[in-house]
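Comments concern the structure below.
Bear in mind that the values in this text are calculations on the coordinates, not laboratory data. Not measured: the values here are computed from a predicted model. Using ideal geometry, Cβ is built from the backbone for each residue, glycine included, and neighbour counts are taken over all protein chains shown.
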Amino acid sequence: MTQAAHLTAVIVLYGQSPGESAALSSLLKTVSDRPDAVERISLIIYDNSPEAHTLSASTPFEAQYIHDAENAGLARAYNAALAHARTQGSTWLLLLDQD
C-alpha cells in the first residue's frame, strides 16, 4: 500500500493581510470540501509586506506565517517553502501568489 502524498502550499503576500488573499480563501474553501485531505496539507504564508500581519483566519491544517519586510521577492519565499517541504517529506509543492 502506498503512502498518501503530502502537499506543502505557499502563498506569497504583499500589501494585504492573509484574510484578504483570494488564493488563501480559495484554498480554504477547497479543503473544506475535502476534510480527509487536511492531514496531508501544510501551508506557509510568506508575507513580503512592509508591516507584519496576523493570521486571523483559522486553518484546518498546519500553517506557518513568515514575515520578510525586506521584500526579497518570490524566489526567497519559494526557496523557504521548498526547504520546509523537504523537512516535512512533502511530495508536492504548490506555489501561489496572493491573488
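Annotations for the structure displayed:
- Extension gain, residue 20 to residue 76: 0.36 nm times the residue separation minus the Cα-Cα distance gives 18.0 nm.
- Net charge contributed by nearby residues that have their C-beta within less than 11 Å of residue 69 (K/R +1, D/E -1): -4
- Local electrostatic count, residue 81, Cβ distance below 15 Å [Lys/Arg +1, Asp/Glu -1]: -2
- Computed [θ] at 222 nm, helices only, for the chain once each DSSP H run of length n ≥ 4 contributes -39500 (n - 2.57): -8500 deg cm²/dmol
- Segment 1-73, relative contact order in percent, only Cα pairs under 8 angstrom and at least six apart counted: 36
- Converting the Cα gyration tensor eigenvalues of the chain into ellipsoid dimensions via √(5λ) gives semi-axes, longest first, of 23, 16, 10 Å.
- Efficiency of FRET from Cβ geometry, residue 86 and residue 55, R₀ 25 Å, rounded to 0.05: 0.65
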